[in-house]
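Structure, as structure tokens:
The values are calculated or read from the model by the stated rules, or taken from the named source; none is laboratory data. Model, not experiment: these values are computed from the prediction. Here Cβ is always computed from backbone atoms with ideal geometry, including for glycine, and neighbour counts include all displayed protein chains.
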Amino acid sequence: MPELPEVETVKNGLAPFMDGATITRVVLNRENLRFPFPDNFKSLLEGQQIGQLRRRAKYLIIPLTSGTHMLAHLGMSGSFKINAELVEGAARKFVPLSQEKHDHVILEIAHPQKGRVDIIYNDPRRFGYMDLFEDEAQSPHFANMGPEPLGNQFSAQHLADRFLNKKTPIKSALLDQRNVAGLGNIYVCEALFIAKIDPRRSVGTLVKADGGPKKALELLAPTIVHVLNEAIAAGGSTLKDFKHANGELGYFQHRFKAYGREGERCLSPGCKGEIARIVQSGRSTFYCPSCQT
């Protein structure tokens, strides 16, 4: 499933074609994705100007001038394609793409600089979904959601406040969206490996008696930020179905230090261990038993 860096990459790819554009027509090629489309989904989108695209956790948010926000979750295999091809001649002519199998939603938009653009949502497995909401604070999608790891509210002290006197394994705690928004399995494994923290370690052991973060937690917080920023710069990780809005693939998977490397040599300098795999809360965890403590 696409994680925070992948959704951020998709947002960055779509923004130049969508920010400030007007939705002129919505084509729905089926009645539902993972869930049914909201009532009046098509009519509530058509004619609306798009504000500045943003991301919250693993959601893409498209704000509209009506005050309504369109929300999109990519699920396991969802992706957006952009068709803005213009044939230059006596007049500018838009050339529509032939619809492909699993092209479920098409937003036809008019951009003030780019002209006609089609934003096409394709999803073979249909685990993705779309919704509309008015107020983020009232939306069930964001209920009790923690701070963004790339935002100012995220810090080692925030984690210490959440982890004080808790016995939850650190890997599970970081995947809990109530603690931090948008973290997923891949990047938690990578961050814990770099910070040299055993994924099974109880979070309470990372907090001092006075409630402050211990050194390991002080290292972990900026490590999470670094790993996410590095993944965004690399265009995310291409595992199975994920690709960018322009059809290109991400490359961060070539930099994995722990994830997916079961049985391979640990890449930490001086460590002679090898990467192991365990299962935590139904998810695969990759770590080095020799140097993660």
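In this structure, does GLU148 turn out to be within 30 Å of THR22 (Cβ to Cβ) and at pLDDT below 95? Judged against the criteria, GLU148 is not a match.
Summed over segment 20-52, the residues that are surrounded by fewer than 21 Cβ atoms within 10 Å (Cβ to Cβ) and within 19 Å of the chain's Cα centre (by Cα) give a count of 2.
Residue count for segment 253-274 under the criterion of being under 12 Å from PRO199 (Cβ atoms) and among the aliphatic types (A, V, I, L, M): the result is 1.
For every residue, the table says whether it meets (1) of a type in the set (Asp, Glu); (2) out of contact with any helix residue (DSSP H, G or I) (no Cβ under 8 Å at 6 or more places or on another chain); (3) under 25 Å from ALA231 (Cβ atoms).
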position	(1), (2), (3)
TYR129	no, yes, yes
ASP135	yes, yes, no
PRO147	no, no, yes
GLN157	no, yes, yes
ASP161	yes, yes, no
ASN179	no, no, yes
CYS189	no, no, yes
LYS196	no, no, yes
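Of the strands (runs of 3 or more DSSP E) lying entirely inside segment 1-71, the ones with 1 or more residues being closer than 20 Å to HIS102 by Cβ and in contact (Cβ under 8 Å) with a residue 40 or more places away in the chain are found at 22-28, 59-63.
Can you tell me which residues in segment 193-230 are of a type in the set (D, E, K, R), over 25 Å from SER290 (Cβ atoms) and without any contact (Cβ under 8 Å) to a residue 12 or more places away in the chain?
Within segment 193-230, just ASP210 meets the criteria.
When we screen LEU132, LEU74 for residues that are touching a Pro at 6+ places or on another chain (Cβ under 6 Å) and modelled with pLDDT under 95, the only hit is LEU74.
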